[in-house]
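This report refers to the structure that appears directly beneath it.
Values in this text are rule-based calculations from the coordinates and carry no lab data. Everything numeric here is computed off the predicted structure, so don't read it as measured data. Every residue, glycine among them, receives a Cβ derived from its backbone with ideal geometry; neighbour counts consider all protein chains shown.
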Ligand SMILES: [Zn+2]
């Protein structure tokens, strides 16, 4: 099928645009003016009515299954007090008895949004007000802390004597009793005692989440879904969706393993499934976690938290394990990306990467996901080792209000250093970490370009010298994200021979005020030359 898309404003590169693009099947074959391309043969011509078109946007790190799960979970993102959380959960249980008969889980609460005096992590005391009959686990918005009720701890036999697992904590109150707060590696374990959703429910909400991604203008997503005890099951769900052609968006897995043994089982089994060889579902890097979150005080900081320097965060992986794990994965020829928020987490991860490199350096394109708290020397080291940054500029919306309180203003001013990364020539990609933040790419681009929160605060931007240009932000979201997948030669640019993936906008991102970028919507999403989403029929 040959399709001519014409009367568009196709962004080729900074300051360069084309009016028409001819696609043959999945690929772009010609770019030019409509007059030139009209003489060529095509089966269908689509008038874009002057709309601006970007290369298809590619979210370099998000969690599609968790976005899907949120469709069948109580919404805690908008709760502004513990009382609101208790009431929302009670109401949800009452209205959705079939979803809650074996337990309740959700995520999204954030104590920083509560009134002063109430800004503490939820404990069993609050959760017992929801129910003492079914097990409950409610994750904080960051996913690095969860709070559970007494019933769940009873089922899991957690008592005063239960030790914290490696790389995680079971928090205790003054009397030494578990208070219901679990962090990092303890979360997976405690949540394994709450029955999950059936495969049918999971498949349904995953498809919905993938369609949602397309409707936001995304043509590729790199999703960290699979890991922990349910790895095989999660792979199967994605495979089934793509085998049955129920999703069009390109998807690359970021995969968690408990260790090398776990990975070898995967290499002998799942990794051999033919579907991953070609098509739109791909296997990607091994994803590791080095630390937690700034909001939950579990990010690893070199000098500890402001006002409480003894608290340096939670090391999710100790260094000796990390070094041998990275080495083992690299020896098997696989890329590694690691969740790092704090500066100490980044330094140790760079040490582990560096020790795994041969003479050629970072040929496997190992990356750092988040890379939030940094100073100049750390950024220079990232550049020198040629490490890829997986950034989420939208994190600024919340973090700019807490980062100084957590790490002090000096370190805050050199953190979220998006412009420094560009200047140092670091490979940068953008994503949202959804559902931690919204999957919508436009507020994300807005955050990178303005460094304001979604209300427009502060005027001029937070640490304004770190604002990037609009073109840098678009490139990070397209060719930058493609680089993470070793696909920059066929994806992420509007160029002859490249995949025909496009994001058509409802207004011109290059001429509107920067404050309006966050309001942009995808008018149309085109994947492999085919329109997979249309905002309205006038197009
Ligand atoms: Zn994540």
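Here are the numbers for this structure:
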quantity	calculated
The chain, helix-only ellipticity at 222 nm - DSSP H runs n ≥ 4, -39,500 (n - 2.57), divided by all residues, nearest 500	-8000 deg cm²/dmol
The chain: relative contact order in percent, alpha carbon pairs under 8 Å with at least 6 residues between	17 percent
Once the Cα gyration tensor of region 167-287 is diagonalised, semi-axes √(5λ) in Å	31, 18, 13
DSSP beta bridge pairing in the chain, given as percent antiparallel to the nearest 5	50 percent
Antiparallel content of DSSP bridges confined to region 73-191, in %, to 5	65 percent
Relative pair counts by distance (%), Cα atoms of region 199-484, 10 Å bins	6, 28, 35, 24, 6, 0
Rounded if a/c under 1.5, otherwise prolate or oblate - region 382-460, Cα gyration tensor axes	oblate
Spread of Cα-to-Cα distances over 10 Å intervals beginning at zero, given as percent, for the chain	4, 18, 28, 27, 16, 5, 1, 0, 0
Largest-first principal axis extents of the Cα set of region 70-125 (Å)	36, 23, 14
Cβ-based exposure ranking for 146, 169, 479, in which fewest neighbours within 10 Å come first	169, 479, 146
Per-selection metrics, region 73-191 (Cα): Rg and Dmax in Å	13.5, 38
Coordinate range along principal axes, alpha carbons of region 270-323, Å, largest first	54, 25, 13
Residues 414, 514, sorted so that the one with the fewest Cβ neighbours within 10 Å comes first	514, 414
Viscosity 0.890 mPa s, temperature 25 °C, Stokes-Einstein D of region 1-151 from Kirkwood C-alpha radius, µm²/s	126 µm²/s
At R0 = 41 Å, FRET efficiency that the Cβ-Cβ distance of residue 116 and residue 508 yields, to 0.05	0.45
Calculated FRET value between residue 154 and residue 405, using beta carbons and R₀ = 51 Å, to 0.05	0.90
Relative contact order [Cα under 8 Å, 6+ residues apart], region 199-484, whole percent	13 percent
Förster radius 41 Å - calculated FRET efficiency between residue 239 and residue 319 (Cβ-Cβ, nearest 0.05)	0.70
Region 199-484 - share of DSSP beta bridges that are antiparallel (%, nearest 5)	10 percent
Kirkwood Rh and Cα Rg combined as Rg over Rh, evaluated for region 436-539	1.00
Pairs of Cα atoms farther than 16 Å apart, region 95-141, %	46 percent
For region 281-368, radius of gyration divided by Kirkwood radius, i.e. Rg to Rh on alpha-carbons	1.03
Sorted by Cβ neighbour density within 10 Å, fewest at the top, the residues 202, 175, 125	175, 125, 202
Angle between the chain longest axis and helix 82-95 axis [Cα atoms, degrees, rounded to 10]	70 degrees
Percent RCO, i.e. relative contact order, over region 73-191, from Cα pairs under 8 Å lying at least 6 residues apart	21 percent
Rg/Rg_globular for region 336-471, with Rg_globular taken as 2.2 N^0.38 Å and Rg from C-alpha atoms	1.02
